[in-house]
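Below is one structure, written out as structure tokens, with a few remarks after it.
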Amino acid sequence: MAKKRVRNSCKAIIIRDGKLLVQVNQEDGGEPWMILPGGGQHHGETIIEAVQRECMEEIAVEVHVKGLRFMREYIGAHHEFADTDSHRHQFEFIFACTIADDAEPREGEVPDDGQIGIEWIPLEELDRHSFYPKALVPHLQRPILDGVIYLGDAN
């Protein structure tokens with residue numbers, strides 16, 4: 001059984017021309033699903049350093065962190081993937097980020113297990129995809145307001 005612990009994670013919201021940059025994953029031949037680029041914080045690095053490192057590893061671009069926009073918890077035992085995620089308790093920091101205008105994201109040199117690509121998804125179509133966390137979709141489909149929104153224990 002996996003060790004139970006709380007894990008810090010960081011994600012990047014990168015929007016260009018009304019489209020959101022997402023990481024596409026697939027496991028065991030199942031249906032593809034999408035998440036924001038980013039991942040776990042390493043011991044000794046700040047959460048800003050973590051999102052920058054994770055984006056370089058997964059989407060091969062340097063991100064400029066503009067500000068914290070959302071915080072989310074994911075307690076696996078409470079959600080649809082409880083049979084495989086019951087040991088997970090993750091706290092996510094979700095940042096608004098930018099990339100250089102001429103940057104062309106691509107799969108990085110250290111992709112996540114199950115990562116099969118990256119895509120730009122029009123914001124108005126986001127709710128038609130298997131995007132996680134689902135609770136973030138309505139917030140992304142309207143202008144991001146100042147301040148930080150706590151999404152709670154959401155998937």
I'd like the orientation of helix 47-59 relative to the chain: the angle between its Cα long axis and the longest Cα principal axis, in ° from 0 to 90, rounded to 10. 80
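By average Cβ neighbour count within 10 Å, what is the ranking of 18-28, 51-61 from highest down? If you can, show how the numbers build up before the last one.
Working: 18-28: 17.1, 51-61: 21.9.
Per-residue mean Cβ counts within 10 Å order the peptides as 51-61, 18-28.
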The long-range amide H neighbours of R7, using H built 1.01 Å from N in the peptide plane and a cut-off of under 5 Å, are H89, Q90, F91
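Give the relative contact order (percent, whole number) for the chain; include only Cα pairs under 8 Å separated by 6+ residues. Please report the intermediate quantities before stating the final value.
Details: 320 pairs, mean separation 48.3, N = 155.
With pairs under 8 Å counted, the relative contact order is 31 percent.
Quick note: the coordinates plus some simple rules give every number you see, no bench work behind them. Fair warning: this is a prediction, and the values are worked out from it, not measured in the lab. Note: ideal-geometry Cβ built from the backbone for every residue, glycine included; neighbour counts use all protein chains shown.
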